[in-house]
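Report on one structure; see the data block that follows.
The values are calculated or read from the model by the stated rules, or taken from the named source; none is laboratory data. Just so it is clear, the model here is predicted, and its values are computed rather than measured. Using ideal geometry, Cβ is built from the backbone for each residue, glycine included, and neighbour counts are taken over all protein chains shown. SASA here: full protein model, heavy atoms, side chains in, ligands and nucleic acids out. Shrake-Rupley method; radii C 1.70, N 1.55, O 1.52, S 1.80 Å.
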Amino acid sequence: MYVVFFGYTMDKPHEKDSSRYVDRLVYLHNSPQSFELFQLTLFDEESGQIDIYQPLLTYVVSLFTENGDILFAVFGLFFGFFYSRNIWFLFDELKDKLDRNLWLLLLTFLSVLGFWTLDGVRMWTAAHMFFYGAYQFYIRGKKWHVITIFLTCLVHFSFVLPIGLFLGFYVVRFVRKYLYYAYLGSFFVTQINLGFVQNLVKTYMPEFIAPKVSTYVSDEYAESYSEGASSYVWYMQFYRTSINWFLFVLITFIFFKHYKKMEKNDRMVTLFSFSMFYISVANIVALIPSGGRFLYIGQMFAIAFIFAFYAKYANREIKKFTKAFIPLLVFFVIISVRVCFDSLTVGSVVMNPIMMFFGNVTIPLISFLK
């Protein structure tokens, strides 16, 4: 429910995607379309709408209001459902109370794709949906959640890749003990041939998706993306890297020292193996401009595994080893809070659901730090 409230009160500046969605809402409200006409704009190259989730919700909300705050409250309802359920998956692994290490792991998990990423409503709602569906399918054995996984491509077209990894793991899970070496090898891949990727897109992508995907793998986009990334301050460039190194060290430690300990626990080994398999591919995809976004989903699975492993098997050695690398997590959480302040407003912090109907204080908290 807080994510719904956040969606209503969050900052929606002109330079972000949220402003574009609000502008579309205002246009649809003031220039009503029949549903038949609206359908014609879906999967249309000219309109650029090749997903269903965001355009459909925007259309439905436009029938009643042009208020962008209400639109993002509705987006927050769906995002918040999956976000909160995914956090509770970790609590379900607990036997005892949270100690300091587990609290920090929990904070890290909820910060990888925190509620403040609602601005990128399509990509990050799909990400939480995918985690939710894959966790239910592989870890809890609820096979019907394969439907949830396949629905993610209607939220963001690019989830054909995670869906492919989900299906791929169903094949390679029989050699899951050896997936660590693929995970290890992926860290040493330093470049990818964009021309090869561009040819794959032209050859195999459906016609209505290919133009959109091609923009993400073009040389021009790669150059502009690189320039944009290099303009970030140092901590914004490296805070995500701190998580990668933390996961690499902990996964390596667990694989060589404690794999046999959990080998009889099929749920634990499956979560461990799927995390390594997903990140192995995502590390390579991350070399493509904007491809790093897929790595965040793998980080969620890996942190969920480490949380579950620590909660179940922690002894003095494991606690001591984990504590040695806690500074990497502290750094990540602190910078995540800084990123959160870009969207979190005064209204998000001091108002309540009754007060917001009398006005909204949309000053982002970052304004008080700059």
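Would you list the helices (runs of 4 or more DSSP H) that sit entirely within segment 283-342 and hold 3 or more residues that are farther than 29 Å from Lys264 by Cα? Talk me through it step by step, then tell me what you get.
Values: elements: 293-313, 316-324, 326-340.
Hits in segment 283-342: 326-340.
Scanning segment 72-104 for residues that are in a loop (DSSP other than H, G, I, E, B) and touching a Phe, Trp or Tyr at 6+ places or on another chain (Cβ under 8 Å) yields one hit, Glu93. Yes or no: segment 54-70 includes at least one residue that is surrounded by 14 or more Cβ atoms within 10 Å (Cβ to Cβ), closer than 30 Å to Phe150 by Cβ and touching a His at 6+ places or on another chain (Cβ under 8 Å). Scanning segment 54-70 turns up at least one residue that is surrounded by 14 or more Cβ atoms within 10 Å (Cβ to Cβ), closer than 30 Å to Phe150 by Cβ and touching a His at 6+ places or on another chain (Cβ under 8 Å). Among the residues making up segment 246-267, those that are surrounded by fewer than 21 Cβ atoms within 10 Å (Cβ to Cβ) and under 22 Å from Ala127 (Cα atoms) are Phe248, Arg267.
Among the residues of segment 4-18, are any of a type in the set (Lys, Arg), closer than 12 Å to Leu71 by Cα and open to solvent by 60 Å² or more (accessible area, probe 1.4 Å)? No: zero hits. Residues being open to solvent by 60 Å² or more (accessible area, probe 1.4 Å) and either without any contact (Cβ under 8 Å) to a residue 60 or more places away in the chain or in a helix (DSSP H, G or I) (or both) are entirely absent from segment 131-138.
In segment 23-35, the residues that are over 11 Å from Phe64 (Cα atoms) form no Cβ pair under 8 Å with any partner that is open to solvent by less than 60 Å² (accessible area, probe 1.4 Å) and in a loop (DSSP other than H, G, I, E, B), whether six or more places apart or across chains.
Listed conditions (1) among the small types (Gly, Ala, Ser); (2) over 24 Å from Ala127 (Cα atoms); (3) surrounded by 15 or more Cβ atoms within 10 Å (Cβ to Cβ) are all met by Ala304, apart from (2).
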